[in-house]
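Presented below is the structure to which this report refers.
The values are calculated or read from the model by the stated rules, or taken from the named source; none is laboratory data. Everything numeric here is computed off the predicted structure, so don't read it as measured data. Cβ placement follows ideal geometry from the backbone for every residue including glycine, while neighbour counts extend to all protein chains displayed. Accessible surface areas use protein heavy atoms only, side chains included; no ligands, DNA or RNA. Shrake-Rupley method; radii C 1.70, N 1.55, O 1.52, S 1.80 Å.
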Amino acid sequence: MDIRFSEEGSRLIVAFIGDLDNTTAIEAERKLQRVFQQDEYDVVVECSHLNYISSKGLRLLILLYKHLRDSGHIGYITKMNSTVRDVLYTGGFLELYKEIVEE
């Protein structure tokens, strides 16, 4: 699991790469501390290279959503494969994050 950060205007892009499973979610949460400590950006969760997400990965997305909500910012999610999208849809995450659909 790797996480790459980039800025695009007023948005911080957080790209997950690999599997966000029970083992890697701990390290991913540590890497996301810089996001949890900022309150100046909306955040785009970019999933084009996210292969799998477990319950601990979903917990991490909940923590990120709560931080964004509490700081008055918006969370977006984009470029999900069908497996990840099904998990996020079933778990109600597509109601928390605004989905960016690219054509």
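Taking the Cβ of residue 41 as the centre, find all other residues whose Cβ is under 10 Å away and add up their charges (Lys, Arg: +1; Asp, Glu: -1).
-4
Just to confirm, what accessible area per residue do you get for the chain at 1.4 Å probe, in whole Å²?
Using a 1.4 Å probe on heavy atoms only, each residue of the chain averages 57 Å².
From the phi angles alone, apply the Karplus equation (6.51, -1.76, 1.60; θ = phi - 60°) to segment 41-53 and give each ³J(HN,Hα) in whole Hz, x where the residue is Gly or Pro.
Ordered by residue, 3J(HN,Hα) equals 10, 6, 10, 10, 8, 9, 10, 4, 10, 8, 8, 7, 9 Hz.
Taking a ≥ b ≥ c as the square roots of the Cα gyration tensor eigenvalues, with a/c under 1.5 meaning rounded and otherwise prolate when a/b beats b/c, else oblate, which class fits the chain?
The shape class here is rounded.
Just tell me, in residue order, which DSSP H segments of the chain are both 18 angstrom or longer along the helix axis (alpha-carbon based) and at least -0.5 in mean Kyte-Doolittle hydropathy.
For the chain, where a helix must reach 18 Å along its axis and average at least -0.5, the hits are 55-70.
Solvent-accessible area of residue 6, probe 1.4 Å, all protein chains present, reported in Å² to the nearest ten, please.
Result for residue 6: roughly 60 Å² accessible.
How large is the charge dipole for the chain, taken about the Cα centre, if only the Cβ atoms of Lys, Arg (+1) and Asp, Glu (-1) carry charge, to the nearest 20 debye?
That gives the chain a dipole magnitude of about 280 debye.
Grab the other residues whose beta carbon is less than 14 angstrom from that of residue 12, score K and R as +1, D and E as -1, and report the net.
Surrounding charge for residue 12 is -2.
Using Cα pairs closer than 8 Å and at least 6 residues apart in sequence, work out the relative contact order for the chain, in percent.
The normalised contact order for the chain reaches 26 percent.
Rounded to the nearest 5, what is the percent of antiparallel bridges among the DSSP beta bridges in segment 4-88?
Of the beta bridges lying entirely in segment 4-88, close to 30 percent run antiparallel.
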